[in-house]
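Report on one structure; see the data block that follows.
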Amino acid sequence: MNACIRALTAAMVVGTAGIVFAQAAPSRQGASAEAPKDAGAILDASRQAVAKVRSLSYAAKVSGEGSLAGKVPSHTAEVSASRAEAGGWKLAAKGAQSGGEGSKPVAFEIGYDGVTARALHEDDKMINEKTVQEWNDLPTFFATQSARPVVAWEMLDEKAMDAGKEGPKYIGQEKIAGETCDVVMVGTEADHGTKYYLSQADHLPRRIDRFESAAEGAAPGVRRLELSNLKLDEKSVAGAYTISAPEGYAIRVAKRERPAAKGGGEPGQKLGDPDDTRGHLAKRGQVNEGDMAPAFDLKDPSGKSVTLESLKGKVVVIDFWGTWCPWCVKAMPQVQKVHEKFQGKDVVVLGFDVDAPGAKPVEFMKRNKLTYTTLLNADDAAKDFKVSGFPTLFVLDQTGKVIMKEEGFSPNLFESVSKAIDGALAK
């Protein structure tokens, strides 16, 4: 008995994370007692590895361990992710949730194409749909469909495998399905920390332990995500990122959360529709091809004033957009391509941001690696240009005349804008 007590005491000096390993010792294989490594360097290598991945797929298995064993549902799923044009990831998951206290087996099939998330429900012939305005909306949508735990959100988030405020701790090595993994703990059990099992071969996770409590005051347990059959890039299996509604299915659209005094953003929607809050703009007529563009004076992120007069002699592309508008976001990579194609020529590409107070368009641009200039607080300019839907793009020639106007999202935007610019430059 005394020998058992001494062994347990020795294990506990490792720290709170070590307690879990002491409890799980009978099931561990291949653990090593080598000198501690630099946990921060291991996470940095993992983040760099994730940054290089364009697409991936894996088989997910989720189970409750420790105090969560039998308390939370288990999941199995096939998960796929691919880089989206507008930044972030497209995502697909198909599988089932089963077990757990008070839960019923639930099948799920979810696709997210970078703008819209859809979940198919065969039992009631229903498609649940949500327009994702911010990346954080997506885990919430997956949670409502009983599928959140199967996704390695920690790997797909903007700050992949975030080291936390206190910094990570190196735990040791462990074999996961034949892969030698470095085990790194971020945070502690008590504060709902995360433990990563990162392959030494490719630095990507093969297991993620998420610490949580089954009830307030209860000891933390682990909701464990196992990632097997991980395939990358050309070897990955593409999922159904876009889910079409089968015949006879109804579509239930989650309520859109739009900033006050902002219009739609849906393809083809015009301000003045019954649910629009800026219908007064649609009554003021239109600025169309052949018209002279209205004058404007807007500030760039540095506070510098940009006017139409200062741009005379250049071809000007103006894209009216907002962070709240998913179709604006979807169009922005094509606007970026236009900017890159005509850099060094007499062409200026500008975003005209129309956002609610509190929005962070500059941070959004940086996060999505969009390098053309966006001008801020363009609400009055939108009124002067008589914009009736978002996104709306104008191309002005060297005199300030509108030579092209595009309303709504178009998959051929880059080609059509490039053609208009080429024509203006040729003249």
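The values are calculated or read from the model by the stated rules, or taken from the named source; none is laboratory data. This is a predicted model, so every value here is computed, not measured. Cβ placement follows ideal geometry from the backbone for every residue including glycine, while neighbour counts extend to all protein chains displayed. Accessible surface is based on the protein model in full, side chains and every heavy atom, while ligands, DNA and RNA are left aside. Shrake-Rupley method; radii C 1.70, N 1.55, O 1.52, S 1.80 Å.
General remarks:
- Scanning region 194-229 for residues that are touching a strand residue (DSSP E or B) at 6+ places or on another chain (Cβ under 9 Å) and more than 25 Å from Ala59 (Cβ to Cβ) yields Ser213, Ala214, Ala219, Pro220.
- Of all the listed residues (Ala25, Ala33, Ala51, Ala17), the sole one being at pLDDT below 50, at negative phi, among the hydrophobic types (A, V, I, L, M, F, W, C) and open to solvent by 60 Å² or more (accessible area, probe 1.4 Å) is Ala33.
- Single residue of region 197-242 satisfying the filter (surrounded by fewer than 16 Cβ atoms within 10 Å (Cβ to Cβ) and in contact with a Ser or Thr (Cβ under 7 Å, 6 or more places away or on another chain)) that is farthest from Asn128 (Cα to Cα): Gln200
- Of all residues in region 353-385, those satisfying the criterion of being under 23 Å from Ala424 (Cβ atoms) and in a helix (DSSP H, G or I) are Ala381, Asp384.
- Considering region 54-90, and only residues there that are within 30 Å of Ala219 (Cα to Cα) and charged (D, E, K, R), the residue that is modelled with the lowest pLDDT turns out to be Lys71.
- Among the residues of region 54-99, those that are open to solvent by 30 Å² or more (accessible area, probe 1.4 Å) and of a type outside the set (Gly, Ala, Ser) comprise Arg54, Lys61, Glu65, Lys71, Thr76, Glu78, Arg83, Glu85, Lys90, Lys94.
- Gly351 meets each of the listed conditions (1) under 19 Å from the mean Cα position of the chain (by Cα); (2) of a type in the set (Gly, Ala, Ser); (3) at pLDDT 95 or above apart from (1).
- So Gly263, is it small (Gly, Ala, Ser), at pLDDT below 90 and open to solvent by less than 30 Å² (accessible area, probe 1.4 Å): yes
- Complete set of residues in region 117-150 that are open to solvent by 50 Å² or more (accessible area, probe 1.4 Å) and hydroxyl-bearing (Ser, Thr, Tyr): Thr140, Thr144
- Restricting attention to region 337-382 and to residues that are over 21 Å from Val132 (Cα atoms) and in contact with a Lys or Arg (Cβ under 8 Å, 6 or more places away or on another chain), the residue that is most open to solvent (accessible area, probe 1.4 Å) turns out to be Asn377.
- Pairs linking a residue in region 240-253 that is over 18 Å from Ala93 (Cβ atoms) to a residue that is modelled with pLDDT under 90 and among the basic types (Lys, Arg), with Cβ atoms under 7 Å and 6 or more positions apart or on different chains, are Gly248/Lys125; Tyr249/Lys125; Ala250/Lys125.
- Residue within region 210-225 that is under 24 Å from the mean Cα position of the chain (by Cα) and not in a strand (DSSP E or B) present: no
- For region 366-379, a residue qualifies if it is in contact with an Asp or Glu (Cβ under 9 Å, 6 or more places away or on another chain) and either without any contact (Cβ under 8 Å) to a residue 60 or more places away in the chain or hydroxyl-bearing (Ser, Thr, Tyr) (or both), and the qualifying residues are Thr371, Tyr372, Thr373, Thr374.
- Positions within region 171-196 being part of a strand (DSSP E or B) and either surrounded by fewer than 21 Cβ atoms within 10 Å (Cβ to Cβ) or of a type outside the set (A, V, I, L, M, F, W, C) (or both), in sequence order: Gly172, Gln173, Glu174, Lys175, Ile176, Glu179, Thr180, Asp182, Thr194, Lys195, Tyr196
- Picking from residues in region 383-401 that are out of contact with any helix residue (DSSP H, G or I) (no Cβ under 6 Å at 6 or more places or on another chain) and crowded, with 20+ Cβ neighbours inside 10 Å, the one that is farthest from Gly290 (Cα to Cα) is Gly389.
- Gly114 vs. criteria in a loop (DSSP other than H, G, I, E, B) and free of Cβ contacts under 8 Å to residues at least 40 places away in the same chain: no
- With respect to the conditions (1) open to solvent by 40 Å² or more (accessible area, probe 1.4 Å); (2) among the basic types (Lys, Arg); (3) not in a loop (DSSP other than H, G, I, E, B), Lys405 falls short on a single one, namely (1).
- Residue selection: Gly164 fails the criterion of being crowded, with 20+ Cβ neighbours inside 10 Å and small (Gly, Ala, Ser).
- Conditions (1) without any contact (Cβ under 8 Å) to a residue 24 or more places away in the chain; (2) open to solvent by 40 Å² or more (accessible area, probe 1.4 Å); number of the one not met by Trp153: (2)
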